[in-house]
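A.B. asks: Following this message is one structure expressed as structure tokens.
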Amino acid sequence: MAATMRAERFYADTKTVVLEDVPIPEPGPGEVLVKVAFCGICHSDLSLINGTFPAQRPVVTQGHEASGTIAKLGPDVTGWSEGDRVVVAAGRPCEQCANCRRGDLANCLAIRLMAFAYDGAWAEYTLAQAAGLTRVPDNVPLEQAAILADAVSTPYGAVVRTGKVGVGESVGVWGVGGVGTHIVQLARLVGAVPVIAVDINPTVRDRALEVGADHAFDSRDPDLKEKIAAVTGGRKLDVAFDAVGLKVTFEQALDNLTVGGRLVGVGMSAESPTIGPTSMFGLTHRQVLGHLGYQNVDIETLAKLVSLGRLDLSRSISQIIPLEDIAEGIRILEHAEGNPIRVLVQP
């Protein structure tokens, strides 16, 4: 193995992205070195670059949706072998907070996020905790496996854990890009009906219908509220997902909830929506729930669903670019060129 590797490096002081030759890291106790096969480009990566998310390190390698093969085992690692196909968890428990000290690592109070608090996988190799790895079934392509580590698992967590979507409940999804597309698919998979996609882009709305939405409406339609009421028998929505995070999408989704309905905020921005008069908010028993991330077990569940043909992610990979063209991949996602679901980097 060579001593160095190519890696993207983000410099926080100048907000610049560069490619450099850096030393290949050595796995420590409980860690493995993973040869990266694919890594997704996510809107949270863009949020670090444009300053929406504050930098946690002066220089960091980005990329947190990674699949690959184990290249080297660190000391004391058992149950894994070199060559195993894996998905890397996008975060590490701090192991110091009150929850971690009592063994509740899944609910760490100070989770360290990959590509923000430590180096990520826009590189030829990345370090991972062995305890956070998920084995990839042989019949699941590694490019699809990569996006399980956020682009699919975060929607899964939003639908199943935070939104608690039940069979027969009506669901609306505002913004059907990378995250919203998978919310549509997973809401349908758990039995929601109808599943309604809401977006300003007609091409994206058509795609949402193809992947499982029952209806797709333009968010700018002045009759949107009446149309949603019509297709839900007058009840409106049991659960609404805001996959955009803008003031307008948040408030529109909230306004289309039924009595006792839940709004799950998944998209993020610097904008500040309101819930309207507190009297009406209380009278309608509505709930607003924030969502971020997933549990590692969710990746294994999703890998099984893909392996058994229950979840089709074949359309989710919009483009694969070489690591040397990372700046172009960032530009494509930033400008939504070609309406991508997910653009991948291949080192």
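The values are calculated or read from the model by the stated rules, or taken from the named source; none is laboratory data. As the structure is a prediction and not an experimental result, all values here were calculated from the model. For neighbour counting, all protein chains shown are included, and Cβ atoms are generated from backbone atoms with ideal geometry for every residue, glycine included. Ligands, DNA and RNA are stripped out before the accessible areas are found, and what is left, the full protein with its side chains, is counted by its heavy atoms. Shrake-Rupley method; radii C 1.70, N 1.55, O 1.52, S 1.80 Å.
A.B. asks: Going by what's in this entry, would THR52 be described as at negative phi and part of a strand (DSSP E or B)?
C.D. replies: Answer is no for this residue.
A.B. asks: Now for a different question. Give the residue that is surrounded by the most Cβ atoms within 10 Å (Cβ to Cβ), with candidates limited to residues of the stretch 277-296 that are out of contact with any Ser or Thr (no Cβ under 7 Å at 6 or more places or on another chain) and in contact (Cβ under 8 Å) with a residue 24 or more places away in the chain. Please lay out each step first, then the result.
C.D. replies: Narrowing the stretch 277-296 to residues out of contact with any Ser or Thr (no Cβ under 7 Å at 6 or more places or on another chain): 277-288, 290, 292, 295.
Remaining after also requiring in contact (Cβ under 8 Å) with a residue 24 or more places away in the chain: 284-288, 290, 292, 295.
Details: THR284: 15, HIS285: 11, ARG286: 20, GLN287: 15, VAL288: 17, GLY290: 11, LEU292: 14, GLN295: 15.
The residue in question is ARG286.
A.B. asks: Just to be sure, is ARG135 basic (Lys, Arg) and within 21 Å of ILE299 (Cα to Cα)?
C.D. replies: In short, yes.
A.B. asks: Still on this structure, please answer the following. Which helices (runs of 4 or more DSSP H) does the stretch 241-335 wholly contain that include 2 or more residues that are touching a helix residue (DSSP H, G or I) at 6+ places or on another chain (Cβ under 7 Å)?
C.D. replies: Of the helices (runs of 4 or more DSSP H) lying wholly inside the stretch 241-335, those with at least 2 residues that are touching a helix residue (DSSP H, G or I) at 6+ places or on another chain (Cβ under 7 Å) span 296-307, 326-334.
A.B. asks: Within the group MET280, MET268, which residue is at pLDDT below 95 and in contact with a Gly (Cβ under 6 Å, 6 or more places away or on another chain)?
C.D. replies: MET268
A.B. asks: Look through SER67, SER47 and report the one residue that is among the small types (Gly, Ala, Ser), open to solvent by less than 60 Å² (accessible area, probe 1.4 Å), at pLDDT below 95 and not in a loop (DSSP other than H, G, I, E, B).
C.D. replies: That would be SER47, the only listed residue that is among the small types (Gly, Ala, Ser), open to solvent by less than 60 Å² (accessible area, probe 1.4 Å), at pLDDT below 95 and not in a loop (DSSP other than H, G, I, E, B).
A.B. asks: Conditions first: (1) of a type in the set (S, T, N, Q); (2) within 30 Å of ALA327 (Cα to Cα); (3) surrounded by fewer than 16 Cβ atoms within 10 Å (Cβ to Cβ). ASN107 passes all but one, so which condition is the exception?
C.D. replies: (2)
A.B. asks: Could you grab me the full set of residues in the stretch 110-132 that are out of contact with any Lys or Arg (no Cβ under 8 Å at 6 or more places or on another chain) and either open to solvent by 60 Å² or more (accessible area, probe 1.4 Å) or in a loop (DSSP other than H, G, I, E, B) (or both)?
C.D. replies: Taking the stretch 110-132 and keeping what is out of contact with any Lys or Arg (no Cβ under 8 Å at 6 or more places or on another chain), we get 110, 113, 115, 119-122, 126-128, 130-131.
Selection gives ALA110, LEU113, ALA115, ASP119, GLY120, ALA121, TRP122, ALA131.
A.B. asks: Of the residues that make up the stretch 156-176, is at least one outside any loop (DSSP other than H, G, I, E, B), under 28 Å from PRO347 (Cβ atoms) and open to solvent by 10 Å² or more (accessible area, probe 1.4 Å)? Give the derivation first.
C.D. replies: Here is the first cut: in the stretch 156-176, the residues outside any loop (DSSP other than H, G, I, E, B) are 156-162, 171-174.
Cutting the leftovers down to under 28 Å from PRO347 (Cβ atoms) gives us 156-157.
Among the residues that remain, those that are also open to solvent by 10 Å² or more (accessible area, probe 1.4 Å) are: 156.
Yes, the stretch 156-176 has at least one match.
A.B. asks: Next up: Out of the stretch 23-44, which residues are out of contact with any helix residue (DSSP H, G or I) (no Cβ under 6 Å at 6 or more places or on another chain), open to solvent by 20 Å² or more (accessible area, probe 1.4 Å) and either at pLDDT 95 or above or in a strand (DSSP E or B) (or both)?
C.D. replies: Passing the criteria: PRO23, ILE24, PRO25, GLU26, PRO29, GLU31, LYS35.
A.B. asks: Follow-up. Give me the pairs, please: first residue somewhere in the stretch 226-245 and on the phi > 0 side of the Ramachandran plot and small (Gly, Ala, Ser), second residue anywhere and outside any loop (DSSP other than H, G, I, E, B) and open to solvent by less than 50 Å² (accessible area, probe 1.4 Å), beta-carbon distance under 8 Å, and either six or more positions apart or on two chains.
C.D. replies: GLY245/GLY265
A.B. asks: So which residues in the stretch 178-209 are open to solvent by 30 Å² or more (accessible area, probe 1.4 Å), without any contact (Cβ under 8 Å) to a residue 40 or more places away in the chain and not in a loop (DSSP other than H, G, I, E, B)?
C.D. replies: Those that are open to solvent by 30 Å² or more (accessible area, probe 1.4 Å), without any contact (Cβ under 8 Å) to a residue 40 or more places away in the chain and not in a loop (DSSP other than H, G, I, E, B): ARG188, PRO202, ARG205, ASP206, LEU209.
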